[in-house]
Amino acid sequence: MLLNYLKLSFRLLARNPFFTGINVIGLAIGFASFYALWEYSTTELKSDQYHKDADRIARIGTNWRWTDDGGKNWGHLTFAFSRSHIIPSLKEDFPEVESTLRLLNQPVFDKSAVNHGTSIAISINDRNGQKRVFKEENVAFADSNLFTFFSIPLVYGQPERVLSQANDVVLSQSTAEKYFGKIDPTGELLRLNDTTTLKVSGVYEDLPHNSHLNFQLVISSAGLLTQWDTPMLHYASF
């Protein structure tokens with residue numbers, strides 16, 4: 001019986017080759033689209049889920065409202081960041097908060113927050129004594145607990161120590177290879193905008209593509225804590 005149905009189906013398809021071609025092409029496009037969208041959707045739904053205790057991590061934002069003297073609301077804006085000086089008080093106001101982390105990405109660098117602007121040039125002296133300069137676009141400053149707060153595997157260095165000192169810097173694996181080749185670069189020195197010397201204290205595995213974290217170099221905020229804890233810091237967004 002099944003064989004007869006198959007024979008009949010093929011005969012009908014052979015009688016109308018034009019419509020058969022349209023149906024087959026449409027079916028193929030539909031399956032291809034479904035497969036591509038399914039892969040994309042499932043990957044995006046797993047964004048940042050690789051972190052340990054991902055369901056207990058929250059990003060602090062800001063809801064800014066404008067009101068008149070009578071309390072009437074004239075509008076509001078919501079931002080996915082907050083001022084740096086607010087974060088230390090969270091644990092005081094909300095005892096259930098176990099740990100906090102501040103991360104400042106390059107697009108919002110400001111002299112009041114990091115002592116320089118958004119333009120970043122990293123220079124190194126190679127073994128021949130020649131200076132090499134790299135323009136970087138994915139740099140961040142972070143508190144010292146970055147690699148214990150998030151589950152970002154380190155290739156070199158210890159999570160509790162890599163950002164413990166001022167001017168410590170941790171490189172992504174691809175950036176470390178770009179600068180130094182396939183060696184352990186721990187202890188090597190970099191120059192930031194020809195003004196600040198950074199010491200490589202570790203290397204981390206490249207971040208996955210389905211993560212909202214986006215940096216190739218992370219610099220310790222240890223030398224900026226006074227600035228970051230000052231309520232008058234108006235221009236840095238965290």
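The values are calculated or read from the model by the stated rules, or taken from the named source; none is laboratory data. Bear in mind the structure is a predicted one, so any value in this text is a computation, not a measurement. All Cβ positions, glycine included, derive from the backbone under ideal geometry; neighbour counts span all protein chains shown. Just so you know, the surface numbers come from the protein's heavy atoms only, side chains and all, with ligands and any DNA or RNA stripped out. Shrake-Rupley method; radii C 1.70, N 1.55, O 1.52, S 1.80 Å.
Cα-based values for segment 111-161, radius of gyration first and Dmax second, are 14.8, 39 Å.
Per-residue extension of 0.36 nm, minus the Cα-Cα distance of Asp55 and Thr78, leaves a gain of 6.1 nm for this segment. Calculated accessible area for the chain comes out at 66 Å² per residue, all protein chains present (probe 1.4 Å; ligands, DNA, RNA ignored).
Using the Karplus relation 6.51 cos²θ - 1.76 cosθ + 1.60 with θ = phi - 60°, the per-residue 3J(HN,Hα) values for segment 100-114 come to 10, 8, 10, 10, 10, 8, 3, x, 10, 4, 8, 4, 6, 9, 10 Hz, with x marking Gly and Pro.
Within the straight-line cut-off of under 14 Å between alpha carbons, the aspartates and glutamates reachable from Lys199 are Asp168, Asp184, Glu188, sequence neighbours fewer than 8 places apart in one chain being disregarded. Straight-line cross-link partners of Lys91 among the lysines, defined as a Cα under 22 Å from its Cα and at least 8 positions apart when in the same chain: Lys52. The antiparallel fraction among DSSP beta bridges confined to segment 142-238 stands at about 60%.
Taking packing as the residue-averaged number of other Cβ atoms within 10 angstrom, the listed peptides 212-223, 16-27 run from highest to lowest as 212-223, 16-27.
Within the chain, helices built from complete DSSP H runs that reach 30 Å or longer along their own axis (Cα positions) and carry a mean Kyte-Doolittle hydropathy of 0.0 or higher are 17-45.
How much of the accessible area of segment 1-146, probe 1.4 Å, is carbon plus sulfur, in whole percent? With neighbouring chains kept in place, the figure for segment 1-146 is 59 percent. Semi-axes of the equivalent ellipsoid for the chain, computed as √(5λ) from the eigenvalues of its C-alpha gyration tensor and ordered from largest down, come to 48, 29, 18 Å. Working note: Karplus 6.51/-1.76/1.60 with θ = phi - 60° gives segment 88-94 the couplings x, 7, 4, 5, 6, 7, 10 Hz, where Gly and Pro are set to x. Within segment 14-92, the proportion of Cα pairs with more than 19 Å between them is 71 percent.
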